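The values are calculated or read from the model by the stated rules, or taken from the named source; none is laboratory data. None of these values were measured; they are calculated from a predicted model. Keep in mind that these areas ignore ligands, DNA and RNA; they rest on the heavy atoms of the full protein, side chains included. Shrake-Rupley method; radii C 1.70, N 1.55, O 1.52, S 1.80 Å.
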Amino acid sequence: MIYLTSICFGAIHMTNYEEVNVQTFLSVIGRVMGGFYFAFIVTKYSLKSSYLLHAINNIIPFFILLGVK
């Protein structure tokens, strides 16, 4: 189940890109690895902890981009 959800997690992030090519596919591999990490967090701690970690992971680049402008 962890393999399936991690691959789905990576695949859902493919919608972040306008076109699907080799570079997009390679970048999605990192998202799949992130899916494995978040699955580990769920099994060790809780789903709530995984959501929180994912939110923190998303908000850091957001604040960096706000600071650049």
Are there DSSP H segments in the chain that both extend 30 Å or more along their axis (alpha-carbon positions) and score a mean Kyte-Doolittle hydropathy of at least -1.0? List them, or say none. 22-44, 47-68
For the chain, the accessible surface attributable to carbon and sulfur atoms (probe 1.4 angstrom, ligands and nucleic acids excluded) amounts in percent to 72 percent
Extension gain, MET14 back to HIS54 (0.36 nm per residue minus Cα-Cα distance, nm): 12.7 nm
Principal axes of the chain: Cα extent on each, largest first, Å: 37, 30, 13
Relative contact order for the chain using alpha-carbon pairs under 8 Å, separation at least 6, rounded to a whole percent? 28 percent
Contour minus Cα-Cα distance for ILE7 and GLN23 (0.36 nm per residue): 4.1 nm
Per DSSP H run of at least 4 residues, take -39500 (n - 2.57); add these up for the chain, divide by its residues and hand me the 222 nm value, nearest 500 deg cm²/dmol. -27500 deg cm²/dmol
